[in-house]
Amino acid sequence: MTENLQSRCLANWNMEMKLDPAKDDLPLMANTRHMLVKHYVLDLDVDFKSQVIEGTVVLFFEPGSRCKKGGSAGEGACLSQSYETCKIRASEPCHSPVRNVSARSSKTGYNDFAVCAKGEKDTSDKNGNHSNGEQASGISSSKNCCDIENHGSEDFLLVLDCCDLSVLKVEEVDVAAVSGIEKFTRSAKLTDAEELRNLRNQIVHELVTLPADHWREQLYYYTRCSQAPGCGELLFSTGPWSLMIRKAEVQAPRDFPHAIRIWYKTKPEGRSVTWTTDQSSRPCVYTMGSPINNRALFPCQEPPVAMSTWQTTVRTASCFVVLMSGENSAEPAQLQEGLLSWYYYVTMPMPASTFTIAIGCWTEVKQESHTADVRTNNEFSSLFSRADLRLIEGSCGHVAYPCRFQNPAASSQLVIPHRVFAPWCLKDRCAEILLELIPQCLSAAHATLGTHPFSRLDVLIVPSNFSSLGMASPHIIFLSQSVLTGGSHLCGTRLCHEIAHAWFGLAIGARDWTEEWISEGFATYLEDVFWAVAQQLPHDEAREQQELKALLRWRRLRDEVQNSEEELQVLRPNKENTGEVSESGTCIIKHGLNAEKVFMQVHYLKGYFLLQSLAKRIGEATYFEFLRKFVQKFHGQLILSQDFLYMLLEDIPEQKGYGLSVENIIQAWLDTSGIPKPLLEECQTWDQCRLVQQVNDEVTKWIQVNQRARKRSKRKRRQDEVAFQKMPAYSTGKASVLVWEYYNWPCWPAECSKVGHKSKLALSY
C-alpha cells in the first residue's frame, strides 16, 4: 500500500474519531466505491419489553466502481482501507448458529401488555448490549481476545455505516453449501481454499445479476443463501459512525467475501427508531425519519449510490401488526401460540435510507360496502393518455428490475391497491376522511405524472410524538393525527404531498443528499396540482387557490430568510462540488445534523418557487408534458440539479433565446442565499389576486371582532364568542380553511421534524 494511500486512510479514520454525533455534519463512512451492497436479508425479533430488535442481516456485495477496472492501477487503488491506528477484534473459530425460532423468540411470546407497558425496561440488560464473550439467543458471538494492532497491514477493510448498535459477530456465509446452487457456478465444487473463495464470490455475482424477470427465483436463492452456514468469522471493530470488517490476508475487494452475515442488537436509545405508545396507549415502534437514517437499525451502506433491494422477516407477539416498505401486502404466519412472523420484500433498488418499518397494534380501516368516488380532471387525464402511450414504448435507463413503467397494465392503473391503518381510537375519523381521499389523490397523481412507480400503498396514522405532518417511504406513508383534525383540505393537501414523493424523492432520488429541494421542492409544487385535480376545480378557481398558497409560502420564506444563517439558505451548499465523494466513496453531508436546519423549510419553498417560475415561463401544458418525459427517463435513478435543468432546456430549446440557461438558474436559485431576484419581482402580483383580497377582508373582520370583544365585559364577551362561532361563513367550507391558513401561516409546518410548529397546528384547531 502506498504511503499516500496510508495517509488518506489515516485521515479518514481521524475524521471519524473527531466527529461528534451531536455536531453539525453527518458522515457517510461506507466505502461504496470499493464494495457495493446489492441486497439485504434481515431476520429480526422484536422485544417490546427490553425495547430491542435483535437478529441478523446478510449482505450480498458486488465490487464497487473503482474495483471493476482491470489492470494494476485499479487494483492498487482498491487494495486497502486499513487504518494503522485501528484496533481490530480477533475472533475465535467459527461456530455455526442454530436457527432455533423458539429459542431466539421466547422473549417475545408474552400474552398481555402488562410486560411491555410504557416506561418498563428489562433490568437484566439495561443497555441492550452483550459483551463479546456472552452467548445471546443461541448466537455464538465473537470472543473479545486481546486487540491486534494492524501494523502496516494491507488487508482490505470493508466499512459500513453503523451507529448505536451492538454488533455481536460477523462471519462469511458459505453460499456454496446451498443445495441446488450449482446452477450459478461454471465449474465443479473445489477444495482449494482460494478457489473455493472465488467460487462463492462467483455464485453471489451470478445471483445478484440475474435478469429482472427472474426476480422470484432470485428472492428464493437470496433466502436460501442467507440461511447457509458460516464458513469463518471475520475481524471487526466499531467506531462512532461505522462498522469496520476485514479478513486476514485478503487485500482486494474482489477477493473479500461477497456474502457476510452480521449478528447484532439495537439499543433502546438508538436514534433510527422510536419506542413509544400510540393514541390508544398501546406499545409501538417505528422509524420516524431520523437524521442518521437507518444506521442504528441495521449496519448498511447509507450513501444514496448504494441502491439495493431487500427482504425482511420480522417475528413479534401476535398482538402486533408489522408494516414495512415492501411490494407485498404481508400476511402473518403463526410460528407458535402468541408468535407471528411477517415477511416483506422489495425488487426495486433504492437507498437503504428509504427502508421503513412500523410495528404496533394498528387497526386496519376498511371501506364500507359502497365504493369511493374516483374523480379525475378530464383536461389532465386526456393530456396524459396521449403522452403516456408514447412514453412506455421507450426503454428505461435504470439497472434491471421488474419496472412498472414497462408494464402497460400498470401504466393504465389510475389507483393502486391501498390500505389504511391507525390506532383503534382514530379508526372512525380515518374512515370518515382518509378512505375517500386516497383514491382521489392517487388518481389525480396518475393524471398528472402517469404510471405509479410503486404497486401498492399503506397509509398509517402514527403516534402523537411524530414530529412531522407526513413522511413518504416506498409503499408506505406516515401521516400525523393533526391532518385528521384539519378536515379534508389539510388532509388532502398533505396526502398529495406525500404521494408526490413516490415520483420525486423515491423513484427519482438526489445523488447528493444536500440537494433536498429535488425531493421537497417538487413535492410542494405538485401537492397543489394534485389537489386541484382531485377536487376537480375549474381552472380559474385552481389558479386563485394556488396564488393564495404562493403568497402564504412567500411570507414564510421571507420570514425564514430574515431569521436564519445565510449558509443554511443555499439549496446547493456544495456548489460545483455537489455529488463528489472521496476515492473510497465516503463523504460528509453538510449540516446534516444541524438542529436549526431541521426546522427550516427553505429547500421546500425556494424549490417550489423555482418550479413554479419555470412552469409559468414555459406554459403549464408544455411543462407537464416535459415532467412526464423526465420521469420516464430518470425513474429508478439518482440525479443532480443540472440533470433536470439541462434536459428541460434541451427539450424546450426556445427558452434559451430568452436568456434562460442552466448556469443562470443555478446561480440565481440554487447557489445563492436569500430571496432569488426573479422571485422578488413576481411576489408583487399575488396581493392583487381576488381570493387574496377576499381572505384579507375576512381576516380584518376577525380582528375587529376580537378587538371589540376585549373592550367589553366578560359576560358580553362570552356572548360575542358564541355568536362568532355560529357564523357559518367562517367555520365551514374551503374558504374557512384558506382564511385559517392565511391567519395562522407562521404556525403551519410544511414538512418533517417541525416539532414546535406541529404542536401549534394541533392547538389552532
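Miscellaneous remarks
- Whichever residue in the range 633-683 is part of a helix (DSSP H, G or I) and either among the acidic types (Asp, Glu) or in contact with a His (Cβ under 7 Å, 6 or more places away or on another chain) (or both) and, among such residues, is farthest from Leu506 (Cα to Cα): Glu681
- Taking every residue in the range 411-440 that is free of Cβ contacts under 8 Å to residues at least 40 places away in the same chain and pairing it with any residue that is buried (at least 16 other Cβ atoms within 10 Å of the Cβ) and part of a helix (DSSP H, G or I), at least 6 positions away or on another chain, the pairs with Cβ-Cβ distances below 8 Å are Gln413/His446.
- Count of the range 409-423 residues, restricted to those that are assigned to a helix (DSSP H, G or I) and loosely packed, with under 14 Cβ neighbours inside 10 Å, is 1.
- Options Ile666, Ile703: the member that is surrounded by fewer than 16 Cβ atoms within 10 Å (Cβ to Cβ), of a type in the set (Val, Ile, Thr) and modelled with pLDDT of 80 or more: Ile703
- Count of the range 454-481 residues, restricted to those that are farther than 23 Å from Gly326 by Cβ and either out of contact with any Lys or Arg (no Cβ under 9 Å at 6 or more places or on another chain) or open to solvent by 10 Å² or more (accessible area, probe 1.4 Å) (or both), is 4.
- For the range 283-323, the set of residues classified as under 14 Å from the mean Cα position of the chain (by Cα), closer than 24 Å to Arg261 by Cβ and of a type in the set (Ser, Thr, Tyr) consists of Thr287, Ser308, Thr309, listed by residue number.
- Residue selected from the range 502-540 under the condition of a type in the set (Asp, Glu) and more than 24 Å from Thr578 (Cα to Cα), by the criterion surrounded by the fewest Cβ atoms within 10 Å (Cβ to Cβ): Asp540
- Any chance Met324 is open to solvent by 10 Å² or more (accessible area, probe 1.4 Å), aliphatic (A, V, I, L, M) and out of contact with any Cys (no Cβ under 8 Å at 6 or more places or on another chain): no
- Options Ser564, Ser584; residue that is outside any helix (DSSP H, G or I) and surrounded by fewer than 18 Cβ atoms within 10 Å (Cβ to Cβ): Ser564
- Residue match in the range 588-609 (condition: under 30 Å from Leu26 (Cα atoms), under 19 Å from the mean Cα position of the chain (by Cα), among the β-branched types (Val, Ile, Thr) and surrounded by 19 or more Cβ atoms within 10 Å (Cβ to Cβ)): yes
- Matching entry among Thr287, Thr313 (being open to solvent by 10 Å² or more (accessible area, probe 1.4 Å) and at negative phi): Thr313
- Any chance Arg558 is under 23 Å from Glu682 (Cα atoms), among the basic types (Lys, Arg) and at pLDDT 90 or above: yes
- Some residue of the range 178-189 being modelled with pLDDT under 95, open to solvent by 30 Å² or more (accessible area, probe 1.4 Å) and hydrophobic (A, V, I, L, M, F, W, C): yes
- In the set (1) open to solvent by 60 Å² or more (accessible area, probe 1.4 Å); (2) part of a helix (DSSP H, G or I); (3) more than 23 Å from Ala306 (Cα to Cα); (4) modelled with pLDDT of 90 or more, Leu199 fails one condition alone, (1).
- Residues in the range 293-310 that are in contact with a strand residue (DSSP E or B) (Cβ under 7 Å, 6 or more places away or on another chain) and not in a strand (DSSP E or B): 12 in all.
The values are calculated or read from the model by the stated rules, or taken from the named source; none is laboratory data. These numbers were taken from a predicted model, which means no experiment stands behind them. Cβ atoms come from the backbone with ideal geometry, glycine included; neighbour counts cover every protein chain shown. Surface accessibility is based on the protein's heavy atoms, side chains included, excluding ligands, DNA and RNA. Shrake-Rupley method; radii C 1.70, N 1.55, O 1.52, S 1.80 Å.
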